[in-house]
Amino acid sequence: MIKRGVILWSLCLLWSVVSSCGSSSAKVKSESEEESTRAGVTVPVFDADSAFNYVQKQVDFGPRVPNSAAHVACGNFIATQLEKFGAQVTNQFVDLVAFDGTLLKSRNIIGAYKPDSKKRVALFTHWDSRPWADYDPDEKNHRTPILAANDGASGVGVMLEIARQIHQVQPELGIDLIFFDAEDYGEPQFYTGPHKEESWCLGSQYWARNPHVEGYNARFGILLDMVGGKDAVFYKEGYSEKYAPDINKKVWKAAKRLGYGSLFRNEQTSPVTDDHLFVNELAQIKTIDIIPTDPSGEHSFTSTWHTLQDNMDHIDRKTLKAVGQTVLHVIYNEN
Ligand SMILES: [Zn+2]
């Protein structure tokens with residue numbers, strides 16, 4: 001995931017001219033009050049321990065950098081879990097070309113529930129890990145691959161736990177769990193060669209142009225990126241607001257209803273180039289991104305982002321639970 005163009009608080013200051021930034025207005029309250037759970041719907045309870053274990057399992061493989069043995073092993077693990085949880089699994093094996101010409105042996109993995117249903121919701125995450133800790137405070141680590149417990153494994157962990165729940169009781173709609181590869185192989189800070197446009201999100205760009213099902217469509221999509229960090233705070237990201245403001249509203253209302261309003265803040269942040277951008281623009285499926293922002297403004301996302309500190313020590317079950325339970329609430333209430 002690449003850095004934001006503008007950090008949160010500078011934008012926030014701009015808005016404060018026209019509206020009160022950061023204060024919860026009466027309007028926000030009335031929106032949450034009108035939210036209701038569909039009659040007769042029981043939303044499964046998201047098990048944060050289970051999700052945490054799926055994160056740990058991926059990290060135990062080591063960095064899941066394309067063209068590595070750990071990457072192959074982790075891809076097999078994800079596909080096997082999805083099969084075990086009753087999903088119809090499709091693998092897209094494809095060679096993608098990185099910014100520096102490296103051929104990345106990539107694999108998008110799709111797990112589909114009720115594949116014949118026309119009414120669908122897609123959940124997305126990326127499962128590869130960044131080859132370089134190019135934002136590590138210590139420069140000598142900049143070429144070391146990261147464990148990516150948060151930036152990769154957390155989204156996968158939440159989605160595998162969702163798959164486990166769907167296997168027990170299916171929601172009314174068809175659900176696609178889509179795990180993109182080669183998201184985080186974008187140009188590192190130390191790279192000085194010729195610039196290639198869109199060097200990030202290669203797996204999602206491929207899928208958006210070549211969906212696993214011809215003419216694939218979904219009612220909406222939700223991308224999960226870095227959804228397990230300690231003290232994570234999620235704001236409404238700029239492209240999500242541009243392309244899918246109603247989905248942002250739906251998800252944030254669900255979070256507030258479930259008591260996670262302190263994690264899901266009802267304020268907007270600047271746009272982030274992430275997988276959802278290509279899903280919105282190329283596949284034209286309205287999709288939001290649940291991605292953290294560091295409220296201190298010192299870092300774009302979190303202090304561990306693209307550093308060697310992105311390890312299990314900074315994964316918090318509370319964050320996994322808040323995101324996982326919110327997403328379950330949303331997908332089980334669709335009809
Ligand atoms: Zn990243």
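The values are calculated or read from the model by the stated rules, or taken from the named source; none is laboratory data. None of the values given here were measured: they were computed from a predicted structure. Note that we place each Cβ from the backbone using ideal geometry, even for glycine, and neighbour counts take in every protein chain shown. When the accessible area is computed, the model is the full protein with side chains, heavy atoms only, and any ligands, DNA or RNA have been set aside. Shrake-Rupley method; radii C 1.70, N 1.55, O 1.52, S 1.80 Å.
Here r is the Cβ-Cβ distance between His167 and Thr192 and R0 is 56 Å; the resulting FRET efficiency, rounded to 0.05, is 0.70.
Expressed in Å, the radius of gyration and Dmax of the Cα atoms of the range 193-252 are 14.9, 43. With Cα atoms defining each centre, the range 101-147 and the range 191-228 are spaced 10 Å apart in the structure. Applying 0.36 nm per residue to the separation of Gln88 and Ala73 and subtracting their alpha-carbon distance, the gain on full extension is 3.4 nm. Taking every Cα-Cα distance in the range 296-335 and sorting them into 5 Å bins from zero, the calculated P(r) comes out as 5, 19, 17, 17, 18, 11, 8, 4, 1 percent. Counted as membrane-span-like here are DSSP H helices of the chain whose alpha-carbon atoms extend 15 Å or more along the helix's own axis and whose Kyte-Doolittle mean is -0.5 or above; these are 69-84, 155-168, 317-332.
Counting only heavy atoms of the protein chains, get the accessible area per residue of the chain (1.4 Å probe) and round it to a whole Å² value.
That works out to 41 Å² per residue.
Each peptide among 287-296, 115-124 gets the average number of other Cβ atoms lying within 10 Å of its residues, and from highest to lowest they stand as 287-296, 115-124.
Amide H contacts of Glu267 (H built 1.01 Å from N, in plane; Pro and chain starts excluded): Lys236 sit under 5 Å, all sequence-distant by 5 or more or on other chains.
Across the range 136-152, coupling constants 3J(HN,Hα) worked out from phi with the 6.51/-1.76/1.60 Karplus curve, θ = phi - 60°, read 5, x, 9, 4, 5, 8, 4, 9, 8, x, 9, 6, 6, 4, 8, 7, x Hz, and Gly and Pro carry x. With each label modelled as a point 7 angstrom along the Cα→C-beta vector, the Leu258-Val45 pair spans 1.4 nm. Under 1.5 on a/c is rounded, so check that first for the range 193-335, then, if it is not, pick prolate when a/b is larger than b/c and oblate when it is not; a ≥ b ≥ c are the square roots of the alpha carbon gyration tensor eigenvalues. Judged from the Cα gyration tensor, the range 193-335 comes out oblate (a/c at least 1.5, b/c at or above a/b). Here the range 40-128 was treated as a single set of alpha-carbon atoms; its pair distances binned every 10 Å from 0 give 14, 39, 32, 12, 2, 0 percent.
Nonpolar atom fraction for the chain, defined as the carbon and sulfur part of the 1.4 Å probe accessible area, stands at 50 percent.
Taking only the alpha-carbon positions of the chain and ignoring solvent, what does the Debye formula give for the base-10 log of I(q)/I(0) at q = 0.10 Å⁻¹? For the requested q values the scattering log ratios are -0.53.
Helical content of the chain, expressed as a calculated mean residue ellipticity at 222 nm, amounts to -10000 deg cm²/dmol (DSSP H runs of 4 or more residues, -39,500 (n - 2.57) each, divided by residue number, nearest 500). For the range 173-210, chymotrypsin sites (Phe, Trp or Tyr not before Pro) meeting the loop criterion (DSSP other than H, G, I, E, B) and having at most 10 other Cβ atoms within 10 Å: Phe190. Relative to the Cα centre, the charge distribution of the chain, modelled as +1 at Lys and Arg Cβ and -1 at Asp and Glu Cβ, gives a dipole magnitude of about 940 debye.
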